[in-house]
Amino acid sequence: MPQRKWLITFYKGLAAWLFLSLSVWYFQAWLGKGLCLLSAFPITLMTTEISPLVKLTQTGTDYSLELSAWVLRPIPINADMTIPPGTELKSSTHLLHILVPVIIEWSVLLVWPVQRWTQRLLLIGTGILSAVVLVLATLPATLLGLLEISFQQVAVLGTEPRTVPWFLDWMVFCELGGAWLLAIIGAWLCIQLQQKLLRR
């Protein structure tokens with residue numbers, strides 16, 4: 001691709017990123033409510049120790065997703081400590097932080113060159129589905145992982161510390177750039193699917 005086309009694509013991507021960032025910021029309350037509905041059920045599948053409730057909280061113009069979790073059965077922390085049933089646990093994460101990978105994915109999809117409007121519509125349709133999958137792959141693990149970090153900090157102070165669950169490792173992976181990688185993979189899969197379907 002000639003240098004001029006690369007520059008045009010770059011500026012289009014920058015414009016798309018700015019447009020999406022402003023849109024997400026403007027509609028963040030509406031988006032946050034939708035994410036609350038989406039994330040509670042996956043959390044119940046990931047752990048049976050708690051009963052989760054995810055709600056949207058606001059501080060000024062900032063929104064966060066807060067997990068309120070009620071302990072259903074004793075949670076062993078180490079040989080000397082157990083969290084009893086009925087205890088309420090909480091964790092939260094910034095809403096815009098969770099939506100950054102979605103913005104990255106859609107910045108790619110909106111500027112990807114197409115020849116027909118049907119190609120763009122298919123990219124948008126698959127992009128919506130992949131964005132939902134992307135959020136479900138990151139948000140529940142983030143909220144549970146933040147709870148688990150506090151457990152692990154106490155667990156290592158005693159004997160027979162609690163086993164590190166898989167979702168804590170997954171959260172660390174996502175926080176270290178894995179979520180951005182998933183966004184790029186999601187965009188690539190949408191592009192590949194669009195090309196294969198329209199070729200047929």
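The values are calculated or read from the model by the stated rules, or taken from the named source; none is laboratory data. Please read all numbers here as calculations on a predicted model, not as lab measurements. Here Cβ is always computed from backbone atoms with ideal geometry, including for glycine, and neighbour counts include all displayed protein chains. Accessible surface areas use protein heavy atoms only, side chains included; no ligands, DNA or RNA. Shrake-Rupley method; radii C 1.70, N 1.55, O 1.52, S 1.80 Å.
In the chain, helical runs assigned H by DSSP with n ≥ 4 each contribute -39500 (n - 2.57); averaged across all residues and rounded to the nearest 500, the mean residue ellipticity at 222 nm is -22000 deg cm²/dmol. Using C-alpha pairs under 8 Å with a sequence gap of at least 6, the mean separation divided by the residue count of the range 25-125 gives a relative contact order of 19 percent. Summary value for the chain: 21 percent relative contact order, contacts being C-alpha pairs under 8 angstrom separated by 6+ residues. Rounded to the nearest 10 degrees, the inclination of helix 117-155 to the longest alpha-carbon principal axis of the chain is 20 degrees.
Subtracting the Cα-Cα distance of SER150 and GLU88 from 0.36 nm times their residue separation leaves 21.0 nm of extension gain. The charge dipole of the chain, taken about its Cα centre with unit charges on the Cβ of Lys, Arg, Asp and Glu (plus for the first two, minus for the last two), comes to roughly 1360 debye. Here the accessible area is traced with a 1.4 Å probe on the protein chains. For the range 79-147, carbon and sulfur cover 70 percent of it.
The charge dipole of the range 139-200, taken about its Cα centre with unit charges on the Cβ atoms of Lys, Arg (+1), Asp and Glu (-1) only, comes to about 580 debye. Note on the chain: dipole from Cβ charges, positive end direction compared against PHE151, LEU53, GLN119; the farthest Cα belongs to GLN119.
Ranking TRP117, TRP17, TRP180, TRP170 by solvent-accessible area of protein heavy atoms (1.4 Å probe, all protein chains present), from largest to smallest, gives TRP117, TRP180, TRP17, TRP170.
Once the 1.4 Å probe is applied to the protein heavy atoms, the range 70-137 comes out at 53 Å² accessible per residue.
Translational diffusion of the range 101-200, estimated by Stokes-Einstein from the Kirkwood radius over alpha carbon pairs at 10 °C in a medium of 1.306 mPa s, is 104 µm² per second. Net charge near ILE77, counting Lys/Arg +1 and Asp/Glu -1 over other residues with Cβ under 10 Å of its Cβ? Around ILE77, the charge tally is -1.
Taking only alpha carbon atoms, the range 156-200 gives an Rg to Rh ratio of 1.38, where Rh is the Kirkwood radius.
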